[in-house]
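What follows draws every value from the coordinates through simple rules; no lab data is involved. All values derive from a computational prediction rather than experimental measurement. Quick reminder, even Gly has a Cβ in these numbers, built from the backbone with ideal geometry, and neighbours come from all protein chains shown.
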Amino acid sequence: MAKLRLSSINKAFGGVDAVKDFNLTVNDGEFLVLLGPSGSGKTTVLRMVAGLETPTTGEIFIDDVLVNGKLPKERDVAMVFQNYALYPHLSAYDNISMPLKSKKLSAEEIDKRIKETAEVLQIGHVLTRKPGQLSGGEQQRVAVARAVVRSPKVFLFDEPLSNLDAKLRVTARGFLKRLQKDLKVTTVYVTHDQAEAMTMADRMVVMNHGVLQQISEPDRVYREPANMFVASFVGSPPINLVPGAIVKADGSAKFVAKGNIFEVPVSSDAPQSEEVYLGVRPEDVVVHAKPPKGGWTARVYLQEPMGSVQFLTLDVNGTKIVSQTQPNLSVSLNQTVGFSIQHEGVHVFDAKDGRRMD
Ligand SMILES: Nc1ncnc2c1ncn2[C@@H]1O[C@H](COP(=O)(O)OP(=O)(O)OP(=O)(O)O)[C@@H](O)[C@H]1O
Ligand SMILES: [Mg+2]
């Protein structure tokens with residue numbers, strides 16, 4: 001059980017600023033996810049917490065104890081690396097048992113813990129094999145098992161599921177989330193997969209170019225993104241970003257899309273502006289197979305059935321807008337349809353700096 005705090009952390013590699021003025025508190029027992037594209041500084045943050053990298057400036061505290069000068073093994077954190085880092089000459093079993101040996105547990109206790117963990121991670125049948133005789137996904141699960149068999153103060157996971165096939169990945173993320181809730185070990189989990197971040201996190205941090213963009217509960221990040229980067233990185237298919245202007249009259253505001261292809265009321269907090277983007281989630285774009293009289297119309301450009309839902313890309317006078325509809329909405333390619341926008345969920349972003357304006 002531990003609280004983790006990073007205060008004004010900067011990390012430069014030569015001329016590259018990998019992490020910039022990074023502040024973060026992870027609460028005791030919390031599952032915190034760092035989400036961001038490749039090169040955004042996620043691994044660097046984890047490595048600094050683990051003690052494998054030294055911050056250029058700033059302080060790291062575990063349970064209010066400054067750990068900057070401490071060696072990795074003195075910090076009591078368990079890290080699962082992006083490239084697993086297993087000992088090649090040891091069997092999977094011996095790899096997993098390594099961190100337990102230094103804990104002075106009985107052989108029976110060690111064996112019991114390993115077998116239980118191996119069972120839930122579905123690697124019980126490969127425990128006698130060496131890493132070279134395991135698939136990438138199996139190696140990854142051995143690395144996860146090695147971290148979770150001991151009870152460290154902090155778990156650090158760096159994309160631990162990236163090598164698993166799609167089905168196993170979904171099972172494994174559920175397993176890890178449940179396990180973390182049972183063990184209540186403070187966890188920082190790195191991923192560039194927004195679905196993984198949304199489903200696993202108590203709170204998530206969105207990073208870009210080494211800078212923290214937003215920290216909040218997943219639902220809040222999805223519904224109230226701090227800026228256009230966050231809005232477009234979280235959500236699949238991505239949010240529609242439509243260029244246009246805000247026109248104010250009588251204390252209310254409306255968004256008018258470029259080319260006058262549609263307009264929609266927006267929050268009166270949005271200031272008058274010529275250059276904005278409207279963010280509309282696909283589920284807020286409603287398609288009417290029969291265009292209602294006087295409504296906005298579009299052409300069906302692409303149909304993507306997904307089983308439980310259907311994604312339709314609409315061509316609205318040259319602008320593409322994606323809608324998430326019922327699977328049984330019967331339309332055909334190039335058909336003219338009507339559409340409307342549920343305005344409760346829309347947001348306005350400044351075209352210059354991407355900041356949310358409403
Ligand atoms: N040892 C290093 N020397 C020089 N530059 C580095 C070093 N480690 C990382 N960087 C740079 O720092 C930035 C952040 O890298 P980092 O590995 O933290 O990104 P990441 O978010 O983990 O990306 P990915 O999703 O690809 O793993 C990148 O621009 C990277 O090239
Ligand atoms: Mg990385």
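Rounded to the nearest whole Hz, the Karplus-based 3J(HN,Hα) values (6.51 cos²θ - 1.76 cosθ + 1.60, θ = phi - 60°) of segment 168-175 follow the sequence 5, 4, 5, 5, 5, 5, x, 4, with x at glycine and proline.
Calculate the translational D of segment 4-233 in whole µm² s⁻¹ from Stokes-Einstein, where the hydrodynamic radius comes from the Kirkwood formula applied to all Cα pairs, the temperature is 10 °C and the viscosity 1.306 mPa s.
88 µm²/s
Helical content alone sets the calculated 222 nm signal of the chain at -7000 deg cm²/dmol, taking -39,500 (n - 2.57) per DSSP H segment of four or more residues and averaging over every residue.
For residue 115, the aspartates and glutamates whose Cα falls under 20 Å of its own Cα, not counting residues fewer than eight places away in the same chain, are 94, 138, 182. Remark: the residue 342-residue 308 segment gains 10.2 nm on full extension, using 0.36 nm per residue and subtracting the alpha carbon distance. Any lysines with Cα under 25 Å of the residue 320 Cα? List them, leaving off those in the same chain fewer than 8 positions away. Partners within reach: 254, 258, 290, 293, 352.
Multiplying the residue separation of residue 120 and residue 63 by 0.36 nm and removing their Cα-Cα distance gives an extension gain of 17.5 nm.
If you plug the beta carbon distance of residue 283 and residue 320 into 1/(1 + (r/R0)^6) with R0 = 22 Å, you get a FRET efficiency near 0.85. Legend: P(r) of segment 48-173 from all alpha carbon pair distances, 5 Å bins from 0, whole percents, reading 2, 11, 20, 21, 19, 13, 9, 5, 1, 0. Scanning the chain for trypsin sites (Lys or Arg not before Pro) in DSSP loops with at most 14 neighbouring Cβ atoms within 10 Å leaves 185-292 as the longest stretch between them.
Normalised by the number of residues in the chain, what is the relative contact order in percent for Cα pairs under 8 Å and 6+ residues apart?
15 percent
With just the Cα atoms defining each centre, how far is segment 89-149 from segment 295-347? Give it in Å. Going from one Cα centre to the other spans 49 Å.
Computed from phi, the 3J(HN,Hα) profile of segment 38-44 under the Karplus parametrisation 6.51, -1.76, 1.60 (θ = phi - 60°) reads 4, x, 7, x, 5, 4, 4 Hz, with x in place of Gly and Pro. Centroid-to-centroid, using Cα positions, segment 151-198 and segment 31-87 are 16 Å apart. For a straight C-alpha distance cut-off of 19 angstrom, the aspartates and glutamates reachable from residue 248 (same-chain residues fewer than eight places away being disregarded) are 263, 269, 274, 275, 344, 350, 358.
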